[in-house]
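S.K.: Have a look at the structure that comes next, please.
The values are calculated or read from the model by the stated rules, or taken from the named source; none is laboratory data. Note that the structure is a prediction, hence the values are computed from the model and not measured. Here Cβ is always computed from backbone atoms with ideal geometry, including for glycine, and neighbour counts include all displayed protein chains. Heavy atoms of the whole protein, side chains included, go into the accessibility calculation; ligands, DNA and RNA do not. Shrake-Rupley method; radii C 1.70, N 1.55, O 1.52, S 1.80 Å.
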Amino acid sequence: MLYSWVTGAASGLFLCLHLLQKLFFPYFWVDLKFLLKVLKYGVTVEADRLRGKLHTVLDRFVTLAEKQPDKPFLIYDGEVHTYRAVDRRSNRVAQLFLKEGTLERGDTVALLMSNEPDFIHVWFGLAKLGCVVSFLNFNIRARSLLHCISSCAPKMLVVGADLLESLEEILPSLQEDISVWVMTRECSLPHVDTILDKLEVASDDAVPANLRVTNNLMDPHLYIFTSGTTGLPKPAVISQMQALRGAAGLWAFGANSDDIIYTTLPLYHSAAALLGIGGCIKLGATCVLRKKFSASQFWDDCKKYNVTVVQYIGELCRYLCKQPVKEGERNHKVRLAVGNGVRPDVWREFLHRFGNIKICELYGATEGNICFMNHTGKIGSVGRTNFFYKLIFPFDLIKYDFQNEEPLRNKSGWCERVKKGGKGKMLQLLRFQMSLVCWISFRKSMFMGFLYKEKMEVTGTFKQLKIKLVREGFNPSTISDPLYFLDSSNKSYILLTKEVHDKILRGQFKL
C-alpha cells in the first residue's frame with residue numbers, strides 16, 4: 001500500500017515537473033543538448049591547447065586538402081575548385097611573396113577584393129606566411145578607404161582586378177611605405193606590382209609549415225572592419241580562437257560534410273568569411289560562392305548546384321519574398337538557412353512560400369564578446385537566449401537613454417531591467433581577463449588627437465559627454481583646451497591653431 005502511494009506520488013510529481021518544464025522552459029532539453037555539443041567542441045579545443053596542439057582553421061584546411069583532395073571546396077561561376085587546387089594556388093601566393101622577401105611573419109596585409117576564388121587564395125597564402133590579413137570593404141572609397149588602410153597599418157595592399165578604379169583614387173595619398181600589388185598580369189599605375197603573371201611561374205609546393213604555426217590562439221588572424229554606422233569603420237581583431245568559434249557555427253546548427261553551402265554575402269564580412277568559408281572547412285563541405293547577391297537568380301543557383309544550406313541577412317530574405325512567384329520555386333534541396341535580422345512576418349512568409357526550411361539566427365557583433373544562437377528555429381527569436389547560456393555567460397538588458405548615451409536609473413540610483421519586448425543596453429559580466437582587446441590601436445594612422453591628459457566632463461558612469469564633444473568638434477576658437485593633431489608629413493603632433501584649423505577646412509592639410 002505504501003509502495004503504491006509513494007509510486008503514485010512520484011509519478012504525479014514527475015508529471016507536474018514535466019508540465020512546468022513544458023510551460024516555462026519549452027526548449028529545456030533541446031537547449032541542453034545544443035549546449036553540451038558546443039561545450040564538447042570548446043573542451044576539445046582547450047584540451048588541444050593544453051597539449052600544445054594548436055590547430056587553426058588553416059591547419060584544418062591543409063589537412064583536408066590531403067585527406068579529400070578531389071572534393072569540391074569552392075564552386076564559382078560554374079567552375080569547380082577542389083580542396084587540392086585551392087591549397088596549391090594559395091601555395092603559389094605564399095611562394096611568390098616568400099621569394100619577394102617583402103613580408104615577414106606577423107606583418108599585416110590589407111586585402112581589397114570582391115567575392116572570387118582568388119580572394120580565398122590570397123587570404124590563405126598570406127596566412128601560410130604567418131601574416132595577418134585585413135579585409136577591406138570594397139564598397140567604400142576615397143577618404144574612408146584611406147582611413148581603413150591606415151588604421152590597420154599594413155605593409156602591403158593587394159587589390160582585385162575589378163577594383164583598380166578605387167585604387168587609382170587613393171594611390172597619390174597612400175603611404176609610401178605600403179607596397180601595392182594587383183591581381184592582374186599588367187598594370188600602368190605607377191609603383192604597382194602585378195600578381196597573376198608571377199603566379200603562373202611560382203611553385204605550388206607548400207612553404208615551411210613553421211611559418212604559420214600559432215603559439216597562442218589569441219594571436220590575431222584577421223582584421224575585419226565594423227560597418228561604420230557610428231563613424232568611420234574600425235578594425236576589429238579576429239583571433240585564431242574567434243576564427244575557430246566562428247567556423248563551428250554551421251556545425252553547431254546541424255550542418256554536415258555532405259552539405260553544400262551557398263554564400264552570396266561579401267567575404268570581407270565575418271558572416272561569409274568565418275561562418276561560411278570557415279564553416280565549410282570545419283565540416284569538410286563545399287561552398288558555392290557568388291560574386292554578389294541576386295534575388296532573381298537565388299533559387300535557380302540553389303537548384304543548379306544542389307544547395308542544402310544558405311546564408312542570409314534579414315533583408316536578403318525580404319528581397320526573395322518580394323520576387324514574383326515562380327512555378328517550382330519550392331523545388332529545391334535547401335533545408336537550413338543561417339543568418340540574422342529577419343523579421344517575424346518575413347520569416348513566416350519565407351517558410352510559407354519556399355518550403356520547410358529551418359531558419360537558425362545568430363545575434364552578435366564582430367568585435368563583441370558574446371553571441372546568441374537561436375538553434376530551435378522559433379520564429380522571431382532574434383537574439384534568443386536560454387537558461388543554460390545565461391548561467392555561463394551572465395548578461396542583462398537595462399533601460400538606456402540612447403540620445404544622451406547613459407543608463408536610466410531609479411530613485412535609488414540603480415539601473416533597471418528592460419521589460420520583455422523593450423529596447424535597452426546589454427551588459428555582460430566578463431569573468432576573465434581579456435588577453436586581447438577587440439579594437440586594434442590606430443597605429444601609424446592619420447587621426448585627430450584630443451589632449452585634455454586637467455579635467456574632463458563625464459557622465460555619472462564616467463563616460464565622456466560625447467554629445468557636447470560632437471557639438472564642439474575640433475574648432476580651437478570654441479574649445480579652451482589645447483588641441484594637437486598628427487601631422488603625417490612631419491610624423492609628429494603639432495598644436496592646432498586657428499590658422500591650421502582654417503587650412504584643414506580648406507583642404508590644404510591632409511589628414
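S.K.: Here's a check for you: in region 194-206, which residue that is surrounded by fewer than 17 Cβ atoms within 10 Å (Cβ to Cβ) and either in contact with a Pro (Cβ under 7 Å, 6 or more places away or on another chain) or among the charged types (D, E, K, R) (or both) is farthest from ALA65 (Cα to Cα)?
M.R.: This residue is ASP197.
S.K.: Let me ask another. Go through (1) modelled with pLDDT of 90 or more; (2) out of contact with any Pro (no Cβ under 9 Å at 6 or more places or on another chain) and name the single condition ILE238 misses.
M.R.: Just one mismatch for ILE238, condition (2).
S.K.: Quick check on my filter: what residues within region 41-98 are assigned to a loop (DSSP other than H, G, I, E, B), touching a helix residue (DSSP H, G or I) at 6+ places or on another chain (Cβ under 8 Å) and over 13 Å from PHE124 (Cα atoms)?
M.R.: Scanning region 41-98 gives LEU54, HIS55, GLN68, PRO69, ASP70, LYS71.
S.K.: Also: From the set of residues in region 264-291 that are within 18 Å of GLN68 (Cβ to Cβ) and not hydrophobic (A, V, I, L, M, F, W, C), which is most open to solvent (accessible area, probe 1.4 Å)? If you could, list the steps in order and put the result at the bottom.
M.R.: The initial filter retains those residues of region 264-291 that are within 18 Å of GLN68 (Cβ to Cβ), namely 277-288.
Still in the running and not hydrophobic (A, V, I, L, M, F, W, C): 278-279, 282, 284, 286.
On the way: GLY278: 5, GLY279: 0, LYS282: 59, GLY284: 1, THR286: 11 Å².
Only one residue fits best here, namely LYS282.
S.K.: Just for strands (runs of 3 or more DSSP E) wholly inside region 138-198: which have at least 3 residues that are of a type in the set (D, E, K, R) and under 23 Å from THR226 (Cβ atoms)?
M.R.: none
S.K.: Sticking with this structure for a sec: Restrict the check to region 280-289 and report whether at least one residue is modelled with pLDDT of 95 or more, touching a helix residue (DSSP H, G or I) at 6+ places or on another chain (Cβ under 9 Å) and assigned to a loop (DSSP other than H, G, I, E, B).
M.R.: Yes, there is a match, as at least one residue in region 280-289 is modelled with pLDDT of 95 or more, touching a helix residue (DSSP H, G or I) at 6+ places or on another chain (Cβ under 9 Å) and assigned to a loop (DSSP other than H, G, I, E, B).
S.K.: Does LYS333 satisfy being open to solvent by 70 Å² or more (accessible area, probe 1.4 Å), on the phi < 0 side of the Ramachandran plot, assigned to a loop (DSSP other than H, G, I, E, B) and modelled with pLDDT of 95 or more?
M.R.: In short, yes.
S.K.: Could you tell me which numbered condition LEU427 fails, if it satisfies all but one of (1) under 23 Å from LEU320 (Cα atoms); (2) open to solvent by 40 Å² or more (accessible area, probe 1.4 Å); (3) not in a loop (DSSP other than H, G, I, E, B)?
M.R.: (1)
S.K.: Among all residue pairs at least 6 apart or on different chains, which show Cβ distances below 6 Å where the first residue, located in region 137-165, is within 17 Å of HIS121 (Cβ to Cβ) and open to solvent by less than 10 Å² (accessible area, probe 1.4 Å) and the second is outside any helix (DSSP H, G or I) and of a type in the set (Val, Ile, Thr)?
M.R.: Correct list of pairs: MET156/VAL109; LEU157/ILE178; LEU157/VAL180; VAL159/VAL182.
S.K.: Which ones in region 292-313 are buried (at least 16 other Cβ atoms within 10 Å of the Cβ) and assigned to a helix (DSSP H, G or I)?
M.R.: Within region 292-313, PHE298, TRP299, ASP301, CYS302 meet the criteria.
S.K.: Out of TYR363, TYR319, report the one residue that is open to solvent by 80 Å² or more (accessible area, probe 1.4 Å) and more than 18 Å from PHE298 (Cβ to Cβ).
M.R.: Within the list TYR363, TYR319, the selection yields TYR363.
S.K.: Which one of the conditions (1) within 27 Å of ALA236 (Cα to Cα); (2) more than 24 Å from the chain's Cα centre (by Cα) does GLY341 fail to meet, given that it meets all the rest?
M.R.: (2)
S.K.: Here is a further query. Of the residues in region 87-106, how many are open to solvent by 10 Å² or more (accessible area, probe 1.4 Å), in contact with a Cys (Cβ under 9 Å, 6 or more places away or on another chain) and modelled with pLDDT of 95 or more?
M.R.: Adding up the residues that qualify gives 0.
S.K.: Are any residues in region 94-113 more than 20 Å from ILE224 (Cβ to Cβ) and among the β-branched types (Val, Ile, Thr), and if so, which ones?
M.R.: Once the filter is applied, which keeps residues that are more than 20 Å from ILE224 (Cβ to Cβ) and among the β-branched types (Val, Ile, Thr), region 94-113 yields only THR102.
S.K.: Using the structure shown, decide if SER114 is over 15 Å from TYR223 (Cα atoms) and part of a helix (DSSP H, G or I).
M.R.: No: the conditions fail for SER114.
S.K.: Something else now. Can you confirm whether region 75-86 contains a residue that is closer than 24 Å to ASP219 by Cβ, surrounded by fewer than 23 Cβ atoms within 10 Å (Cβ to Cβ) and modelled with pLDDT of 95 or more? Quick ask: steps written out before the conclusion?
M.R.: Taking region 75-86 as the starting set, the residues that turn out to be closer than 24 Å to ASP219 by Cβ are 86.
Still in the running and surrounded by fewer than 23 Cβ atoms within 10 Å (Cβ to Cβ): 86.
In the following step, the residues that additionally are modelled with pLDDT of 95 or more were identified as 86.
Yes, some residue in region 75-86 is closer than 24 Å to ASP219 by Cβ, surrounded by fewer than 23 Cβ atoms within 10 Å (Cβ to Cβ) and modelled with pLDDT of 95 or more.
S.K.: Hey, can you tell me all the residues within region 207-224 that are at pLDDT below 90 and open to solvent by less than 20 Å² (accessible area, probe 1.4 Å)?
M.R.: Listed by number, the residues that qualify are THR214, LEU217.
S.K.: Do you know which of the residues in region 487-511 that are aliphatic (A, V, I, L, M) and at pLDDT 75 or above is surrounded by the most Cβ atoms within 10 Å (Cβ to Cβ)?
M.R.: LEU496
S.K.: Taking region 238-248, which residues are in contact with a strand residue (DSSP E or B) (Cβ under 7 Å, 6 or more places away or on another chain) and either surrounded by 22 or more Cβ atoms within 10 Å (Cβ to Cβ) or in a helix (DSSP H, G or I) (or both)?
M.R.: ILE238, GLN240, ALA243 - these are the residues of region 238-248 that are in contact with a strand residue (DSSP E or B) (Cβ under 7 Å, 6 or more places away or on another chain) and either surrounded by 22 or more Cβ atoms within 10 Å (Cβ to Cβ) or in a helix (DSSP H, G or I) (or both).
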